[in-house]
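One structure below.
The values are calculated or read from the model by the stated rules, or taken from the named source; none is laboratory data. Keep in mind that what you see is a predicted model, and the values were worked out from it rather than measured. Cβ atoms come from the backbone with ideal geometry, glycine included; neighbour counts cover every protein chain shown. Ligands, DNA and RNA are stripped out before the accessible areas are found, and what is left, the full protein with its side chains, is counted by its heavy atoms. Shrake-Rupley method; radii C 1.70, N 1.55, O 1.52, S 1.80 Å.
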Amino acid sequence: TMQKLWLLALVLVGTALAARPRPRAWTEGNYKPLLRTSEGAIDDEYIVVLKKEASDSELHHIEDELRARNDDQDLPTFEASVKAEYTELMKGVAARMSHDAVDFIRQFDSVEFVEHDRVVKAVGSQPNAWWGLDRLDQTSLPLDNKFDYARDGEGVWVYVIDTGIWLNHQDFGGRAHHGFSVFNDDQQPSSNDCQGHGTHCAGTVAGATWGVAKRANLVAVRVLGCSGSGTGAGVIAGMEWAAKDVRDNNRWPAVFSMSLGGGYSRAENEAVNRIIDTGIPFAVAAGNENSDACQTSPASAEKAITVASSDVSDRRSSFSNWGSCIDIFAPGTAIKSTWIGAGNDRTNTISGTSMATPHVAGVMAVYLEHLKATNPDAFSPINITKVPTTIESWLRCSAALGRITDPRQSINRLLQLKTNPETAVCEAVTCPNDCSNHGTCNTLTATCSCSCGWSGFDCSTPITMPHLESCSGTVEEGDTNTGTHYVGNPSKELVYSFSIVAPSSVTISTCSEKTNFDTFLRLFSDCGLQNQVASNDDDCSRWNRHSTITVNLQPGTHYLVVEGYQNLHGRFGLTINVATQAACPVPANPIPGTLQFTQSSKTVHEGDGSVAVQVERLHGSNGAVTVTLDTISGTATENADFMPLHTSIVFGPGEVTKSVQVVILQDTLVEGAEVFSLNLSSPTGGASLGARGTMALTITDDDALATQPSSTSPATSAAPATSAAGCTSNNDCNGGTCSSGVCSCPCGKFGTRCQGPGNYEVTTIDLCSTVDLPGSLGPIGSRSAKVYKFALAASTDVSISLCSSRTDYDSVLYLYQACPLTINGAYIGGALRSNDDGPTCVVDSAPYEPSRIPVDGLTTLST
């Protein structure tokens, strides 16, 4: 066999972001969550929310990158237009984006999450008769046909975030002010109401005839159009403006009222919560779908006062949403109030949780006036953030308890207006069914905290909860058709528990080919499934309807719910990966497992340079085990056809597969297919060998494809036949060699006579004498790159770096064990190592992070 030379091809290429430079603080492949609303998603419309610590410059950098790439003719599938910028409540943007743009923006380090925008609507209506305010000043029925009040909300500013307000209505007496509109239509002023819903709500808050707080100021914030609908992005823009207006114009005290809703939105909920954190109480409608309010927004915002609707007989309105997110009931069926139209004196009678919410906002305004009169220091900068908690406490303690028929898993608390809310005493209340003797009752909120293994509003539903080994690395297969509905979406669910013993980042995922439906994950800190830590709907790059949660967890047991989007159900594959091995608990009876190759045979081409083989650990849950791997010559022999290998493979706790690289050597001999084998032996740690303890590797010889000379009689022997495009000598092969009329091309050259197209130059370097190698990129296919090759005579560690003051661009390195046969405009496959941005490069004059490959894996290679 001829002496063989192993070549390492080193390829320097430009960044994969086409002609544009890499943006700052952008990590390829580190995708932030993409959240999908439960209903009403708007195609190609998204809300991007940055982390709380993100700066204005980071926000503007993202906007600039989106605009620049949108205008780049070399990126035809990248489309992005920024519609709104958020800086007051959160850092973020609303934008119309293509899929490429969404994937791009999800990789910015400063992004917290990206959410699909959705349609939001004014919460419904139906005609009937007025009864409203009379119910607020008496604990029990029957009504006495009068409304008594001691204060009227004077000096308080109420921001009605809705369809706008008919500002000239007589019942407002000049107290309704133009504020803001997200629409550029023909309304004059732009916040004027052309639908009626916002005017009706404003009249219930502060109308002289129909209102609770009859002298409060109103500000029109128009986020819903003439049809009564809008977008989540528009709602956030309206809240952003209103919060800034309160601050800039010193409009304290203030209260926000928002009678609208749609599918669940984390972005909208966070905006509401951040407004409340500034010191502004916020009332929101529960929704009119007769379903769990926790599945909608803003009703599910943690810090908002979420309002359900009752009727004149103190029944829960048939349309009203319900559940643990409800804070209070208020009159909402057949409410008469102000309306839009000529004459400026019109009224209308409609129903909905939209009508209940302004009753609560009006009471809030009256209580804010009382607080300002009795404790003006409450609105000082040091105390202002406590105001919403004070108002919530007064609402809760003033409410009439136990009056609502069919509260449907909601707190049974009916809105009341007290003359002096400070004197109201919160009555102790009983919980449903005494929590079924499977939980404890919070007598202030009338809600149950369920004991471990029980769920439901009255803790009557047992939870089946198998425990998973968090570090096993195996895929848990399940089928929600066999489950029960406990929490969240109306689908059936399966619940699992798992534990960690030290703080760690944990990734939980249904991203698997075993998953055949649209999944939803919820993570809880308690076994009663009441304290949700995290959730995710869609966040898989390959299966975009599967789910992933990555969260930092503290030591202890955690509880995972696997369910479907809405009512969907099916089979799933579930994995739990713990980032910190020290967090993995040691099971009482560790199973060392069975070790074997993942396949019994494999074929590799001689020119591939190397082949990866995998060893797997079956049925092993914990504990370290090892196994020895040896190569054994057959028709293929060591040091001639492959590099010999004798190595120990170590499986740590939870590790289930290991990969080993076998170097294949190349020659020019015609040898046909040759075979050698890999053998596993000497397992330790109690592990055993499986059925595939030996693996056969077949090397196919590309040289065998060369055409052999044809045989003739000695008298008529002729020269080898060649085609016009073939070769007769090495001179025909552009640096290659001619054999039997066929050119064997050197690295970087292709074609019948090694003339291309696609040829590139390969520069041979002496690795041990070259200290600093200047170079510049040249064309290779549709990329710009430069290729070097070097040889090793013995095993060693190698470090390759572009950390140099001469490097003036954002570089990428690829390292190969054989000459790259193709280089195209997308990727260069088969690299042994690659690196984009080296973390240890510090070069003052380099504008980007150059690349660095510390190669410590070449110690197994001997040439």
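Length gain on complete extension for the stretch CYS452 to LEU143, per 0.36 nm per residue less the alpha carbon to alpha carbon distance?
Values: separation 309, 0.36 × 309 = 111.24 nm, distance 4.45 nm.
Gain on stretching CYS452 to LEU143: 106.8 nm.
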Radius 11 Å from Cβ of GLU616, net charge of other residues (Lys, Arg +1; Asp, Glu -1): +2
At 4 °C and 1.567 mPa s, the Stokes-Einstein diffusion coefficient in µm²/s for segment 47-105, with hydrodynamic radius from the Kirkwood sum on alpha carbon pairs, is 111
Flagged as over-length at 22 Å C-alpha distance, from LYS32/LYS786; LYS303/LYS386; LYS602/LYS658; LYS83/LYS244; LYS372/LYS418, the pairs are LYS32/LYS786
Extended-chain gain in nm, criterion 0.36 nm per residue less alpha-carbon gap, SER505 and SER799: 102.8 nm
Potential lengthening between SER313 and THR580 on full extension [0.36 nm per residue; Cα-Cα distance subtracted]: 90.3 nm
Please compute the per residue accessible area over segment 154-291 with all protein chains in place, 1.4 Å probe, rounded to a whole number of Å². 28
Neighbour-limited loop hits for GluC sites (Glu not before Pro), segment 452-514 (at most 16 other Cβ within 10 Å; DSSP other than H, G, I, E, B): GLU513
P(r) histogram, all alpha-carbon pairs of segment 55-173 included - 5 Å bins from 0, percent: 2, 7, 12, 13, 11, 9, 8, 7, 8, 8, 7, 5, 2, 1, 0
For segment 556-617, take N as its residue count and report Rg(C-alpha) divided by 2.2 N^0.38 Å. 1.85
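Roughly how large, in nm² to one decimal, is the mean projection of the convex hull of the alpha-carbon atoms in segment 33-77? List each step's numbers first, then the result.
Numbers: hull surface 18.1 nm².
Spelled out: convex hull of the Cα atoms, projected over all directions, averaged, 4.5 nm².
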Scoring only Lys, Arg, Asp and Glu (+1, +1, -1, -1) among other residues with Cβ under 12 Å from the Cβ of ARG315 yields 0
Taking r as the C-beta separation of ARG247 and ASN481 and R0 as 60 Å, the FRET efficiency to the nearest 0.05 is 0.70
Over the Cα atoms of segment 353-407 the radius of gyration and the largest Cα-Cα distance (Dmax), both in Å, equal 13.5, 42
Could you rank the peptides 634-644, 237-247 by their average count of other C-beta atoms within 10 Å per residue, with the highest value first? 237-247, 634-644
If Lys and Arg each add +1 and Asp and Glu each add -1, what is the summed charge of the other residues whose beta carbon sits under 14 Å from the beta carbon of GLU469? -1
Hey, rough spin-label estimate for GLU761 and SER648, points 7 angstrom out along Cα→Cβ, what's it come to in nanometres? 4.9
Per residue, how big is the convex hull around the C-alpha atoms of segment 225-382? Give it to me in cubic angstrom, could you? 140
Viscosity 0.692 mPa s, temperature 37 °C: Stokes-Einstein D of segment 319-475 from its Kirkwood Cα radius, in µm² per second? 175
Alpha carbon convex hull of segment 306-389, volume per residue in cubic angstrom: 138
